[in-house]
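Take a look at the structure set out below.
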């Protein structure tokens, strides 16, 4: 299983409802793609408070690297990802992506 982890440092002027809307779109997309499951996302509530500005994140599990690639190539994913980039501090520099084989 591949765990796809995305952390975003959103611009301060990005409203929470906009972030929620993008995450809802990603969740709905994960529900439709074969091999994708378990979307979880939201704002950090960590008591450690060491997010360093990356206050939002999401995780999607994929059955295989091919399933992750299908997601990455999907036009709806690319549009939603573009919205993340547009609202992140410094564009793509405000986004961290980790893919773990678990």
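Rule-based calculations on the coordinates, nothing more; no lab input. All of these numbers come straight from a predicted model, not from anything done at the bench. A quick note on method: Cβ atoms are made from the backbone with ideal geometry, for glycine too, and the neighbour counts reach across all protein chains shown.
Computed from Cα atoms, the angle from the helix 75-87 axis to the main principal axis of the chain rounds to 10 degrees. Here segment 1-30 and segment 59-75 have alpha carbon centers that stand 16 Å from each other.
Can you give me the angle between helix 16-32 and the longest principal axis of the chain, using Cα atoms only, in degrees from 0 to 90, rounded to the nearest 10? Orientation of helix 16-32: about 10 degrees from the principal axis. Put in order of Cβ neighbour count within 10 Å, fewest first, the listed residues 77, 56 become 77, 56. Judged by the mean number of other Cβ atoms found within 10 Å, the most tightly packed of the peptides 19-29, 64-74 leads the ranking 19-29, 64-74. Taking label points 7 Å from Cα along the Cα-to-Cβ direction, residue 44 and residue 72 give a separation of 2.5 nm. Pairs of Cα atoms nearer than 8 Å and 6+ residues apart set the relative contact order; for the chain it is 48 percent. Applying 1/(1 + (r/R0)^6) with r as the Cβ-Cβ distance of residue 86 and residue 55 and R0 = 22 angstrom yields a FRET efficiency of 0.80.
Using Cβ contacts closer than 10 Å as the measure, can you line up 50, 2 from fewest to most? Present the calculation step by step, with values, prior to reporting the outcome.
Working: 50 7, 2 20.
With the fewest neighbours first, 50, 2 line up as 50, 2.
Among 6, 97, 102, 59, sorting on how many other beta-carbon atoms sit within 10 Å of each Cβ, with the fewest leading, yields 102, 97, 59, 6. Extension gain for residue 1 to residue 18 (0.36 nm times residue separation, less C-alpha to C-alpha distance): 3.1 nm. On a per residue basis, the convex hull of the C-alpha atoms belonging to segment 1-63 measures out at 81 Å³. For segment 38-102, with equal point scatterers placed on the C-alpha atoms only and solvent neglected, what are the log10 I(q)/I(0) values from the Debye formula at q = 0.23 1/Å, to two decimals? Here log10 of I(q) over I(0) equals -1.20.
Grab the DSSP H runs of the chain that are 4 residues or longer, score each as -39,500 (n - 2.57), total them, divide by all residues and round the 222 nm result to the nearest 500 deg cm²/dmol.
Details: 3 runs with 39 residues, N = 102.
For the chain, the value works out to -12000 deg cm²/dmol.
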